[in-house]
Amino acid sequence: MVLNLGMADQPKQINFTIIPDDAPAEGDKSPARTYSNFCSIAHTPFDFTLTFCEVMPLTEKEIKEAESDHVVRAPVRARIVVPVQFVPNLISALQEHWRVFSESYSNVGWNKGPGPIH
């Protein structure tokens, strides 16, 4: 990332890399790791909202309810809102990590095909 500092007539450019800092701020807890196996995506002209949920195996009662109203409710674990300008970089980063992951674990049986897209 490049950051321009200084006066308009005297620009100063600094190149830097942003890295996650897991050290908690004073009085804060360290960030919790949250599991999710479902993501719902919505957007406005200004941002994208990624809503991460955890879908657990259904009970008999939940199966009967789902059969009647065709809805399964899943608890929201995190909701992340990002600006539209952030999305192309997120997509690129995910594609690159998926490529490396696929090459690293190509012999694993469960890593076959793209899987469902929701």
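Checking every one of the trypsin sites (Lys or Arg not before Pro) in the range 12-102 against DSSP loop status and a limit of 11 other Cβ atoms within 10 Å picks out Lys29, Arg33, Arg73. Of the accessible area of the range 28-111, computed with a 1.4 Å probe over protein heavy atoms only, carbon and sulfur atoms account for 59 percent. Just check the range 1-93 against the gyration tensor rule for me: Cα atoms, a ≥ b ≥ c as the square roots of the eigenvalues, rounded for a/c under 1.5, and otherwise prolate or oblate depending on whether a/b exceeds b/c. Cα axes put the range 1-93 in the prolate bin.
For the range 41-113, the solvent-accessible area with a 1.4 angstrom probe is 83 square angstrom per residue.
The values are calculated or read from the model by the stated rules, or taken from the named source; none is laboratory data. Not measured: the values here are computed from a predicted model. Please note: Cβ atoms are built from the backbone with ideal geometry, for glycine as well, and neighbour counts cover all protein chains shown. Calculation scope for accessible area: heavy atoms of the full protein, side chains included, ligands and nucleic acids excluded. Shrake-Rupley method; radii C 1.70, N 1.55, O 1.52, S 1.80 Å.
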